[in-house]
Amino acid sequence: MMYYKISNTANRETLEKHLGRPFIYPDLYEKNIVINGFEEATIPVVSMENHHVITPAIWGILPEGYKEDWSIFQNICNTLNVPISSMDKHLWYAKSLAIQRCLIPVTGFFTSYLKDGAIYPFYFSRTNGNPFCLAGIYNKTHDGFLSCSIITCKADDVIRKVHNVGQTMPMILSNELESAWLQEGIEMNDIKEILNTPHDYQI
């Protein structure tokens, strides 16, 4: 199941407070109730290499050094999400898990629920509307712009109650794991341990 809609309704100050760092281009950030990944969208991220600031990135990871249009690549290979299981394969984006991880702050994401032969949208967020971070990976285009993807994992019991048309969910990082996710030089076993940590739905 592809997750292609997220939400970021937090204002700039709230995101900066949650992430403990400023936007590198504060005037570019805008709140957005629905961010549709099928349209070329720029979302805020915190990358490993520039972890002191919040940086804009294209949602939908592109190959390192990519020069063509975003839409050309996404029409062939949709990379809004990448599953954890694919990181063990020799795919072009798998190396980013080791050296180019990022935090993707959101206030929610959209899932689907099948009932009585009809599919209904369901919005998943914290009850207080506070932002939280999804685990992501990123690459750089030929001109140095970032593109990113959300890592998906096996859906847990909480998500399966409202998302019964698929078996995956975005990887939600607890506040305590956000710094660990950006840490340089950690072993792949430690990275996978982070990804296998149960989700934290608390504030």
Review point. Can you spot a residue in the range 104-124 that is touching a residue at least 40 places away in the same chain (Cβ under 8 Å) and over 20 Å from residue 4 (Cβ atoms)?
Key: no
Check your understanding: Among the residues of the range 28-43, is there at least one that is in a helix (DSSP H, G or I), modelled with pLDDT under 95 and not charged (D, E, K, R)?
Key -> yes
Practice item. Just give me the residues in the range 87-126 being more than 19 Å from the chain's Cα centre (by Cα) and assigned to a loop (DSSP other than H, G, I, E, B), in sequence order. Key: 89, 90, 116, 117
**Study point:** Among residues of the range 146-179, those that are surrounded by 16 or more Cβ atoms within 10 Å (Cβ to Cβ), of a type in the set (A, V, I, L, M, F, W, C) and not in a strand (DSSP E or B), counted
**Key:** 4
Exercise for review: Could you please find all residues in the range 10-20 being within 19 Å of residue 135 (Cα to Cα) and either touching a helix residue (DSSP H, G or I) at 6+ places or on another chain (Cβ under 6 Å) or surrounded by fewer than 16 Cβ atoms within 10 Å (Cβ to Cβ) (or both)?
Suggested key: 17, 20
**Study point:** residue 87 being of a type in the set (A, V, I, L, M), out of contact with any strand residue (DSSP E or B) (no Cβ under 7 Å at 6 or more places or on another chain) and closer than 20 Å to residue 186 by Cβ
**Key:** yes
Exercise for review: Identify, from the list 97, 91, the residue that is touching a residue at least 12 places away in the same chain (Cβ under 8 Å) and among the aliphatic types (A, V, I, L, M).
Suggested key: 97
Check your understanding: Can you spot a residue in the range 75-84 that is open to solvent by 10 Å² or more (accessible area, probe 1.4 Å) and among the aliphatic types (A, V, I, L, M)?
Key -> yes
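The values are calculated or read from the model by the stated rules, or taken from the named source; none is laboratory data. Note that the structure is a prediction, hence the values are computed from the model and not measured. No Cβ is skipped: glycine too gets one built from the backbone with ideal geometry, and neighbour counts run over all protein chains shown. Heads up: the accessible areas ignore ligands, DNA and RNA and are worked out on the full protein's heavy atoms, side chains in. Shrake-Rupley method; radii C 1.70, N 1.55, O 1.52, S 1.80 Å.
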